């Protein structure tokens, strides 16, 4: 048994150090850094001001939605929203196939102008954000809901905005022009 274990370790060492060029092995060996995919060529967003790399510009959501489309699938590790009035929202990743989405994360009771989220296991070419509350929401008169038989408070959603939407993934150090 000891002999088989030493043969296995030797085999692993040979594969590891013999210059195997697999992408997974390269990612383990090469130094990695986070890169903002949102500023690469070919990326589209509901509002181009959200991904222009300038924190001074402000982009507005299309009603309750913000869509970010990458030109190719990328492994996403972090999503950051700078300068926003979003209080509650749900973030989705696009899955393979037509019209398939999966909820990634929920934002609840946010009071900060910067939202930072770490995600794992996300490989997608599109992200979308569904906004359910902003700091600019206005209360409206309550209305009777005949289906539920109760009076329901009403809100007018304020216009959601983001100064900068960043979507980060790992790339080889020195290769940030992906």
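None of the figures in this text is laboratory data; all of them are computed from the coordinates on show. Being a predicted model, the structure only gives us computed values, none of them experimental. Backbone-built Cβ (ideal geometry, glycine too); neighbour counts: all protein chains shown.
The table for this structure:
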read-out	value
Inter-probe distance in nm under a simple model that places probes 7 Å from Cα toward Cβ, at residue 5 and residue 140	7.1 nm
Cα centroid separation, segment 107-135 to segment 38-91 (Å)	10 Å
Extension gain (nm, one decimal) between residue 82 and residue 58, 0.36 nm per residue minus Cα-Cα	7.7 nm
Pair residue 151, residue 100: separation of 7 Å Cα→Cβ label points (nm)	4.7 nm
Label-point separation, residue 170 to residue 123 (7 Å along Cα→Cβ), nm	1.4 nm
Among 65-75, 103-113, the order from most to least packed when residues are scored by Cβ within 10 Å on average	65-75, 103-113
Relative packing of peptides 83-92, 48-57 - highest average C-beta neighbours within 10 Å first	83-92, 48-57
Residue 75/residue 48 FRET efficiency (R0 22 Å; Cβ-Cβ; nearest 0.05)	0.35
